[in-house]
Amino acid sequence: MITIKAFEFNYFSENCYLLHDETNEAVLIDCGACRKEEEDELSTYVAQNGLTIKRLLCTHLHLDHVFGNDFVFKTYGLRPEVHKSEIEKLPSPAEQSQLFGIKTPIEAVQAARYIVGNEVIKFGKSELIALLVPGHSPGSLAFYNAKEKFVISGDALFSGSIGRTDLWGGNQEVLVAAIKDKLLSLPDETVVYPGHGPTTSIIEEKYNNPFL
Ligand SMILES: [Zn+2]
Ligand SMILES: [Zn+2]
């Protein structure tokens, strides 16, 4: 049984998710921890629950989802895993910072490896399937658990909305098609944990999301 702990981090109210199961192994998804208090909140939770973080996964490499990668590398020795297109087609976090006018220094951490679409990602006794959902960014991934019926959707799908498509490699037609193909095809009761804002469900978005 997977426990999903959500943290809301940084200037962009980004949702970082820490998933852990009965083995106390965990995966961290989109560590946007930026301020010292945010890093402390994460490390305190990990310590208090006796967790071992095994992997750092990125849905995509926009600034707000990678602020904490350097902290995670220095604290837990983990490098991010991400789709290759995110490395090839996006500016570095420092360049993105400059464009958004953010002064907090940010270090890029080299990826450990690349995730491909439909790859099975294991930790503890659990597994996630990486779904390629491009359009918000060129190599956006969602992480789906079929057994417990949830999906971490990154910035592809939000409650009542979809990701912006005016950033590097964004494309609204591609995004809507990918959401319909990869996410709305999941079972209706699947709970959606987005990169920003509240949780929702596939059935809710299928029938009520005005962008779809
Ligand atoms: Zn994004
Ligand atoms: Zn975001």
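Might you let me know whether region 2-10 holds any residue that is not acidic (D, E) and not in a strand (DSSP E or B)? Spell out the reasoning first.
First, pick out the residues of region 2-10 that are not acidic (D, E): 2-7, 9-10.
With the extra rule that they be not in a strand (DSSP E or B), the set shrinks to 2, 10.
For region 2-10, residues not acidic (D, E) and not in a strand (DSSP E or B): present.
The selection criterion, being within 21 Å of D21 (Cβ to Cβ), part of a loop (DSSP other than H, G, I, E, B) and open to solvent by 30 Å² or more (accessible area, probe 1.4 Å), holds for K147. In region 156-172, what count of residues is obtained for those that are part of a loop (DSSP other than H, G, I, E, B) and open to solvent by less than 10 Å² (accessible area, probe 1.4 Å)? Summing the residues that are part of a loop (DSSP other than H, G, I, E, B) and open to solvent by less than 10 Å² (accessible area, probe 1.4 Å) in region 156-172 gives 2.
I'd like to verify a number: residues in region 159-201 that are within 15 Å of ligand 2 (Cβ to nearest atom) and farther than 18 Å from N145 by Cα, how many?
Restricting attention to region 159-201, the residues satisfying the condition of being within 15 Å of ligand 2 (Cβ to nearest atom) are 159, 161-170, 175, 192-198.
So of that shortlist, the ones also farther than 18 Å from N145 by Cα come out as 159, 161-170, 175, 196-198.
Count: 15.
In the set E88, E95, E38, only one residue is within 16 Å of ligand 2 (Cβ to nearest atom) and either closer than 29 Å to R164 by Cβ or open to solvent by less than 20 Å² (accessible area, probe 1.4 Å) (or both); that residue is E38.
Which members of region 12-46 meet the condition of being part of a loop (DSSP other than H, G, I, E, B) and either of a type outside the set (F, W, Y) or touching a Cys at 6+ places or on another chain (Cβ under 7 Å) (or both)? I'd like the intermediate steps shown before the answer.
Here is the first cut: in region 12-46, the residues part of a loop (DSSP other than H, G, I, E, B) are 12-13, 21-24, 30-35.
Within region 12-46, S13, D21, E22, T23, N24, D30, C31, G32, A33, C34, R35 meet the criteria.
Going by the structure shown, is A47 more than 20 Å from P194 (Cβ to Cβ), of a type in the set (G, A, S) and either open to solvent by 30 Å² or more (accessible area, probe 1.4 Å) or more than 16 Å from ligand 2 (Cβ to nearest atom) (or both)? Judged against the criteria, A47 is a match.
Mind checking which residues of region 173-202 are surrounded by 15 or more Cβ atoms within 10 Å (Cβ to Cβ) and out of contact with any strand residue (DSSP E or B) (no Cβ under 8 Å at 6 or more places or on another chain)? Give the steps one after another, and end with the answer.
Going residue by residue through region 173-202, those that are surrounded by 15 or more Cβ atoms within 10 Å (Cβ to Cβ) are 174-176, 178-179, 182-184, 186, 190-196, 199-202.
Matches in region 173-202: V174, L184.
Based on what the data block shows, is L19 under 21 Å from G154 (Cα atoms), touching a residue at least 12 places away in the same chain (Cβ under 8 Å), open to solvent by less than 10 Å² (accessible area, probe 1.4 Å) and within 16 Å of ligand 1 (Cβ to nearest atom)?
Against the criterion (under 21 Å from G154 (Cα atoms), touching a residue at least 12 places away in the same chain (Cβ under 8 Å), open to solvent by less than 10 Å² (accessible area, probe 1.4 Å) and within 16 Å of ligand 1 (Cβ to nearest atom)), L19 does not qualify.
Look at (1) crowded, with 19+ Cβ neighbours inside 10 Å; (2) under 26 Å from V116 (Cβ atoms); (3) out of contact with any helix residue (DSSP H, G or I) (no Cβ under 7 Å at 6 or more places or on another chain); (4) hydrophobic (A, V, I, L, M, F, W, C) and you find that F73 fails only one, number (1).
The values are calculated or read from the model by the stated rules, or taken from the named source; none is laboratory data. These numbers come from a predicted model, not from an experiment. All Cβ positions, even for glycine, are placed from backbone atoms using ideal geometry, and neighbour counts span all protein chains on display. Quick note on the areas: whole protein, heavy atoms, side chains included, nothing else; ligands and nucleic acids left out. Shrake-Rupley method; radii C 1.70, N 1.55, O 1.52, S 1.80 Å.
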